[in-house]
Each structure stands twice: as structure tokens, then as C-alpha cells.
1. Report every pair of residues separated by at least 6 positions or lying on different chains whose Cβ atoms are under 6 Å apart, first residue within the stretch 815-831 and closer than 22 Å to residue 737 by Cβ, second open to solvent by 40 Å² or more (accessible area, probe 1.4 Å) and at pLDDT 85 or above.
2. Going through 105, 89 one at a time, which residue ends up being at pLDDT 90 or above, loosely packed, with under 12 Cβ neighbours inside 10 Å and either of a type outside the set (Val, Ile, Thr) or at negative phi (or both)?
3. Tell me, yes or no, whether the stretch 571-587 has at least one residue that is surrounded by fewer than 21 Cβ atoms within 10 Å (Cβ to Cβ) and at pLDDT below 95.
4. Just one of 781, 816 is modelled with pLDDT of 95 or more and not hydrophobic (A, V, I, L, M, F, W, C); which is it?
5. Considering only the stretch 23-38, state which residues are outside any strand (DSSP E or B), crowded, with 16+ Cβ neighbours inside 10 Å and of a type outside the set (D, E, K, R).
6. Among what's in the stretch 737-755 and is of a type outside the set (S, T, N, Q) and within 21 Å of residue 47 (Cα to Cα), pick the residue that is most open to solvent (accessible area, probe 1.4 Å).
7. Do any residues in the stretch 455-477 that are within 12 Å of residue 492 (Cβ to Cβ) and free of Cβ contacts under 8 Å to residues at least 60 places away in the same chain have Cβ atoms under 7 Å from those of residues that are open to solvent by less than 80 Å² (accessible area, probe 1.4 Å) and assigned to a helix (DSSP H, G or I), where the two are at least six apart or on different chains, and which pairs are they?
8. Residue 341 is checked against (1) touching a Gly at 6+ places or on another chain (Cβ under 9 Å); (2) at pLDDT 80 or above; (3) open to solvent by less than 80 Å² (accessible area, probe 1.4 Å) and fails just one. What number does that condition carry?
Amino acid sequence: MVPCWNHGNITRSKAEELLSRTGKDGSFLVRASESISRAYALCVLYRNCVYTYRILPNEDDKFTVQASEGVPMRFFTKLDQLIEFYKKENMGLVTHLQYPVPLEEEEAGDEPEEETEGVLSPPELPPRNIPLFAGPCETKDIPLSSENVRATEVSKPSLSETLFQRLQSMDTSGLPEEHLKAIQDYLSTQLALDSDFVKTGSSSLPHLKKLTTLLCKELYGEVLRTLPSLESLQRLFDQQLSPGLRPRPQVPGEANPVNMVAKLSQLTSLLSSIEDKVKALLHEGAESPHRRSLIPPVTFEVKSESLGIPQKLQLKVDVESGKLIMKKGKDGSEDKFYPHNKILQLIKSQKFLNKLVILVETEKEKTLRKEYVFADSKKREGFCQLLQQMKNKHSEQPEPDMITIFIGTWNMGNAPPPKKITSWFLSKGQGKTRDDSADYIPHDIYVIGTQEDPLGEKEWLEILKHSLQEITSMTFKTIAIHTLWNIRIVVLAKPEHENRISHICTDNVKTGIANTLGNKGAVGVSFMFNGTSLGFVNSHLTSGSEKKLRRNQNYMSILRFLALGDKKLSPFNITHRFTHLFWLGDLNYRVELPTWEAETIVQKIKQQQYADLLSHDQLLMERKEQKVFLHFEEEEITFAPTYRFERLTRDKYAYTKQKATGMKYNLPSWCDRVLWKSYPLVHVVCQSYGSTSDIMTSDHSPVFATFEAGVTSQFVSKNGPGTVDSQGQIEFLRCFATLKTKSQTKFYLEFHSSCLESFVKSQEGENEEGSEGELVVKFGETLPKLKPIISDPEYLLDQHILISIKSSDSDESYGEGCIALRLEATETQLPIYTPLTHHGEMTGHFRGEIKLQTSQGKMREKLYDFVKTERDESSGPKSLKSLTSHDPMKQWEPANRSCDVGKNSAEPSPPEDAQLTKPEMFENPLYGSVSSFPKPLPRKEQESPKMLRKEALPCPDPGIVSPSILLPKAQEAEGNKGTGKPTPTPFLSPTPRLRSFTCSSSAEGRPAGGDKSQGKAKAPASLHAQVPAKRPIKPSRSELSSQAPPPPPLAQRPPLPVKSPAVLHLQHSKGRDYRENAELPHHGKHRPEDAPLGRAAMQ
């Protein structure tokens, strides 16, 4: 029986909470150490402080308390004996042990799903067809049956004779004489020598290897001569070969068994591949296959203005030839075309979601600004994606700056899928969906997570690949597949990315009954894409509306124990190990309403009044209270609940089920979700988020989400190999950490980064008492100067520094954070900030200044900077309303708060009882569920305080509730001041990033009169007259540094003609949706208003 004081794997913060709750000196408990395996931590309360002592095992598995110098070490065979000994006074601890803190009563374990009751054993999966590339030398690892073992023991003295007899009984007439002689020589003399090797524990059979090398010598030569011919034949019929790919040079090796088997496998694979490709070519005809595997030209009908007269035009995007063609009619001749290198930039209007400006370069090297109005916002998005694909395809850069990722999650309900599931991968159905014009653009990576999956791995993989080939004409490569019972994750990638993906890792965590059954839990995959780390987690959490707390525990367990990513980052959990982390699955959080409101819920769903229901969504409420998915983001939900449908229809929710214990209710809920968390100042944009409407075999609907994600290449120093790059330096100044802890210990910092050769440890900081039980650790000027391996700004400004603050006593981490090196200026001290978290909980914050020194050079413009966003000045700052585009750090900061890193006073935070406003649901042309456009609302009713956050990035206030759900009242007041009326605040907003960032000084980048968004009085009319008609803003995080090339001054642009009433009428002719003045939801957060920048959001 486990003693009451042994709390197992509880977190350090939980241990402190339990001890503080008792309030008695001498209260104690024991927990598992977070820094050393098999070790424990003895936590003792004394004078309202928690003292932690490590209990270490020695080689004989005896325990000792790590004591101060001069105190003799005592060893105990059991923990009970150790605890009993230290209950005596004056034994070296701060006080003797008196009051054991008992275990908390845990919530009842997970129950089986309603549809799968009693199924508590893992499903029987068919054997995997894994190709074995083991040579003959590895057959010794095959276990022998007991009969064979006995037979071997009997015949061991005469093994050579036995094998000789067997050889003589075989027909060897077809063997070359020299081969037969070599086999006989091996049996007579060399077999005994190999036997001696095996007896000594060696895994090699050198004499057998010589024999097989001799036998395969001629065959190996023939294979080496044959393979290049087959590879050429394969490339001849390959429809997906990228123009940049070249055959790899053959590196001849010796004809050993391993090489031989590998070459034979390659030969077999090539023969099979050639046959498949020729069959496809003959089946599809001589002309079509090549074009079908590529992106066909797509034509868009737009409206433009010429000399004040609106006219219709056709814009034809030919991705493969790299041209944008303009025609005056569908059947008309080409008016003019612009090659890809002459298309400089796409600038979206935020006020009019269907308006786009294209900057092109003319023959005389002048910049021309062309303005077009599309049929709707989805068409504009499809056009931008095709243009971006064109720029990417014809880019001179060998490696991509950005990839697109498809994330899909589906609880299959233990039923096989229907024959056709392509709508899932095309992001078609309800919610934020893709335009048809983007159907031909394949994503770079597809990640598919399933729960209650009844299929075998091979069968499911074939279905996925077939579906993707149907819509992309491309055979995707399997990067990873991992299964825990019925929970599965599959990662597929374009063939061209196969060599860019490395360090693949998979793992799983069980969270079922007693955390030992795999009916609930998570599977994960991680890998490197060039220089960017990516992580994916598919989880199936506890079911039942009342099991919310158990789901939270599931999440914390997965966070702590899922082992993915770089092992060197052991102080950090998975939320800090990856540039981009995506979490998907059946999270099972429900709509928390009384069961008698079931029919009311169904009626609201039919009327698309999702906001009313989402205000009761358990996941959103738990995130708002910072209990789960801290600092994660989720796109706005605009689709119907995905559970629990009646199977084979999507028109009826089956929310009741008769059970032996009574009626079971499963109210319609958004159980299936996709969230993400990325490093600060990294480009990531959610392009779609919705659910399918035509896949009905399960009681859940599949959910899809697609993302643009910035990636970095494997940077090679321009100094060449072997040279030392000594120009770069990262210096931290006047830094301090504020920790929520009662521990009485000293602290030091660890700095981890891929730009450092190894992690760097600092000296101990000085502790000071903070406010409300907080501890302030000041490091002053003692922090070490970090030397990056490469100082080129193109490399260094894309890097991040992970920080862990650790206890000197136990080496346990008390908080981790992330600092982006994408600074506004180098050689200058700039303020920095990052929240500190540990095991998914807020533990404090880290502030200070940073000074970055790089070599000469500047960052080149990234592909994702090609599409930018601009607002119309006429709409005023109040028109910038967006549910996803906003300054994430503004929500941390109360109004009128300046950036001051030198103080540690308790900053004000918004009241915790801030009320949520439930907005009405409107039709939006971006979403697939719309039926018609609404009437335009009065402008003031369309305004939102979210769009007021456009000033230079301030230092956030770390103590404020997670910004992903709730707008602080300080900002509501700003909006009210600007409009004079209450501003409708949407309940949901896409989660802004709540991670580190770099502030500029408060004087820079702000108007002299202060921040417009703080509700200041309007400027005089004379000042407004000096403002240009259009002012681009920057929603891209990639250009928030001064290293980015500045945009051309507005004065260099050709003057714009005065808009005619016809054009104004044209711009207002389309019905406006509820975000008329907004950037599209998948766009980045708002930026300073000085210049246009990329579509990425500052996170």
C-alpha cells in the first residue's frame, strides 16, 4: 500500500499548493523528482516557505537525502525508514517531519465510450507489412523453438558434419564450382570460428560475411550496372518529378550482404514503380497526365476601373508557366500578361474583403498599382493562394520559406469509412472553407488523426493515399504512422520533401482507466523540416459531459509524458520543443447546458446561432481560466457541433441513449478540435477550419484545418566549413524573473537554442520578496554572453532562445519561456519579455533587455511577405475589426500602461468578472454555410475594439487572464470612447499568441500625441489632410524588425485618380458581412500602421 505522504508524479506547483493549504510547520510530502529519474523530492513546509530535499538512490538502490556539507549521509533501504528517521528533531533538515499531507481524492477513472462499452482490450490489428532489409547475418536473432533448442544441444559437437550431410543431400549441380568449394570451406573450418564469436557475445559473423560477399560479387556488379538504367526509365514516366530534382550520383560500395539486400530492394521497388507509372500513362492517355498532375490555369472574373468607368475583366492565373494574364472577356484575346518576377506584391483591403491591389513592374521599371474587386472574399483568397503558389514554384530560392499543412481529425465511431472522403482533404463543408479555385493546390504535409479507428494501418494508409492521389494526382510519401489501440496518427508529405524531413520521432501516452489502458490517450509525431521543428499530437480524452476535470488531467499527463522532439530540450515539455505544435483530436469537451435544453440547442444550431452555444463550450471556458491549452490558439468556430449525429445523416442529432442506468444525454458539442502553438514572431496563418457534411458513417463529423507555416532552411555559413564565426553575440542585461512559488532556494538560468553549440548555464541570481507571495530573482549584469554558431543575420534573426529557470537545490525547472531574436534593431538594447510556464501552468514571467550583435548583411524578403494587408484611411482606425487579426500582447496590457522593464510592481489587470458579450451570428461569404448576404450594418455597429490595437508592440502585463477568449474591459472602454456607443464584442476570438516578444522603446513607432487606440481625441482636420489616401499596415511578423528592407515611400507611387461615384458604388455593391471592415479570419494580427507587410500575424 502506498503511504499517504507519497504523492507520486504530482507537479512541484501542486505540491507547494497542498503544503501551503495545511499551513503547519513540519508538514511534508514526497513526490517524484522532475530532474532525475528514480529519484524523489522531499518537500517540507517551514515558516510559510517550502524547502525541497532530493532523495537519491545509489547503486544498491538505497536512498539518501542530499544534505548540506558537513552532515553525514545516511542510507535507507525503504522510503518509509527514511521518513521515520527524519521525524526526529535536529537531523539536518530545516525542521523535523511532523504532519504528512495526504493524497487528494482523485476523480473516478475514465469509463468506456457509450458506443464501445465493455471493449477494454486493444483491437487486434493485422500484421504490418514491413519490408525487412536484414541480411543473412541477422537471422541468428530469430528465436528458436524449444524442440530446436534441444536438437541443437544434442547435435552441437558435430554441427559441421550435420550441415555437410545436408549439403550433400541437396542438388548442387547448378552451383559454380568455386562457389560450392567456398561453402564447403566455410562449413569445415570457418563455421567454428564464427561460433566462437557468438559465444563471446559478438553480433558479427565475419567469415559468413566473407562467404556471402564472394557469392554476390558478380550479382552486385550487375545490379550496379542495371540500377541507373531503371532509374532513368522511372524518371521518364514520372509525372510528379520536380524540375529541380536531379538523379543522385551512385556511390559504389563493397558487395557485402547489407548493401546487396538494399540494392536488390531498390531494384524491386524500381521495377514495381515503373510498371505502375506506365499503367497510369497508358490508362490516362498521352497528353493529359502531365497537365493533370500540375495546377491547371484558373480564371477569375473581376471588376476594375479605367478612367473612372468600371469594367469587367478576366484574370487568368497560369501557375505552371508563371504568368498572370489579363483579358477583357472570356473568349477574348489576351490583353497583356505579367510574368511572375514582375508581380511585386498583393495588397488586400481590410475594409472590403473582396478588393485586392496588385503591384506590378512595367517595362520601364516603374511600379504600377492595379485595383480589382472579386466576386467574393473566397475568390480573392483562392487568387492569392494561386499567385503565391506561382511565386513559390518559380522562386530562385532552393528551399521553401513557407509550407502548407493539412490537419484532419475524425472519430470514426468504430465503423469503416465511406468510399469517398475527398471532401475532407479539400476542406469542403461547413465553416471556414477553401475556394474551389484552390482545389488543385496540394498541401505540403497532411496529418490525419483518427479515434475509434477500426481499420488496420495498411488498409487505412491505402485509403488515405488513394484519396489524395484522386485530388492531387500525386503519390504522397509516408513519413510516420503510429497507433495506440484505436487512436492513430498518419503523416504524409509530398515526394519532393522526403529529403527535407529528418529526426522523425513517435510516442504515445495512455490516459485510460488508471492511466494504463490505451482506450484513451494520445499519439504523437515530430520531425524536422529543414531547420524547423514540427510536432503533432492526436488525443482522445475522457468522455462524458461531467468529466471536464478528468479531461484537464488527461491533457496535463500528455503534456508531461509525451516524449517527442529534441532530447537535449529535456527541461522543456512539448509546448516549447517545436517551432510549430499542432494538437488535434476528439478532446470530448462538451457544451455545458442542462439536458432539458437539448431541443433549444438543436434549434439554435439550425439557425446558426453558434455564439450562444460557444459561450458554454467547456474547452473555451477552461482555456479562459488558464486550466488547459495555455497560450494555444484556435481559429474561430463557424461550423455546427460535430457530435453526436445519428449515423448516415447529418440532419439529426442523437442526443439521448437509453442505458440500464437510465437515459444518457450527449448534447450536441464541438468535441473534435484543432489547436496550435508556435514560437513568437513566426509566420503561421490558419486558412481554413470547418467540418465535412457528406461523411456520415460515424456519429462524429470529420474536422479539417489548413495552415500556412513559416519554415527555415538548413543554413550554411558563408565563411565555409571549419571556420570559427566569432562576430555574433547575444547579451542579456538587467534581467529578472518573477516566480509564483513558496520555495526557499537559489535559482539559475539555462539558455537553450539550436544556434548555440550547447546549452549555457548562468550564475545564481539574487532573491527578493515580491508582492502576493511572489519571488523576484534578479540576475543583473552577471548573465553570460551567448556566442551563436553563425552570426549571419539571415540565419540569426530567425532563431529563438529557450529559457529555463532552475532551482540550485534540486535542478528542477520552475518555469520555461521563449525569446525571439527577430529584433527591430541590432547593436541596440531592446526590452524583452516572456511568460514563464511549467507543465502547462503559468509560473511567472521573465523581463530584461537584450542586445544582439550580427555580422554584416540583412534578411531577404520571405515568400509569405508577398501577400500583405492594407486598410483604407477613410474607414478610420475604428474600422479595423477582425476576429483573428489583433495585437496579441495588447490584451495583456491595461490601458495607458507604458513599457517599463525596470520595475516589478504589481501591474493592474482587468477585473476577473468581465462579462462576455454574445454577438449575433451573421452570414459571411467566406464560410460555406451561408445562403445570402445580410444588409450592411451602420458603420458604428460594425466597429470593434479589436481593430484599435495597431500601435507599436507594448510590454505585456503577465498577470492577465489568457487573452484567447476574453477581451479586457480596458479595451472595451477604448472602443466605447472612440464610438460613443457600446461596442459589440464577439465572445470568440482566435487565440492570440501569449508568448515572448521584443518591444521597441516606447518613444519609437508611436504618434507624438500618444496612442490612437487609447481613445484619444481626434486630430484636427488640417492634420487629416496630410494623411495619404491609403496607409498600408503590417500584419507580418517577419517584418517587425528593422533589418527587413523598408517599403518604398508612398510618395514614389504614381498618384491615384479620384474615385468616381461609380467605383464607390461598385465597392459597396456587394452585401457586407459582420466583419466587413476586417481582415479575413485566417490573416495575421494587426501591426503598426507605417507600412505594408506580410500576411503573417505577429503572434
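1. 829/851
2. 89
3. Among the residues of the stretch 571-587, not one is surrounded by fewer than 21 Cβ atoms within 10 Å (Cβ to Cβ) and at pLDDT below 95, which makes the answer no.
4. Only one candidate passes the filter, namely 816.
5. Scanning the stretch 23-38 gives 26, 33, 36.
6. Of everything passing the filter in the stretch 737-755, 740 is most open to solvent (accessible area, probe 1.4 Å).
7. Between residues of the stretch 455-477 that are within 12 Å of residue 492 (Cβ to Cβ) and free of Cβ contacts under 8 Å to residues at least 60 places away in the same chain and residues that are open to solvent by less than 80 Å² (accessible area, probe 1.4 Å) and assigned to a helix (DSSP H, G or I), the close pairs are 467/422; 467/425; 468/425; 476/465; 476/468; 477/495.
8. Failed condition: (3).
The values are calculated or read from the model by the stated rules, or taken from the named source; none is laboratory data. Since the model is a prediction, treat every value here as computed from it, not as a measurement. Note: ideal-geometry Cβ built from the backbone for every residue, glycine included; neighbour counts use all protein chains shown. Note: accessible area is taken over every heavy atom of the protein model, side chains too, but ligands, DNA and RNA are not part of it. Shrake-Rupley method; radii C 1.70, N 1.55, O 1.52, S 1.80 Å.
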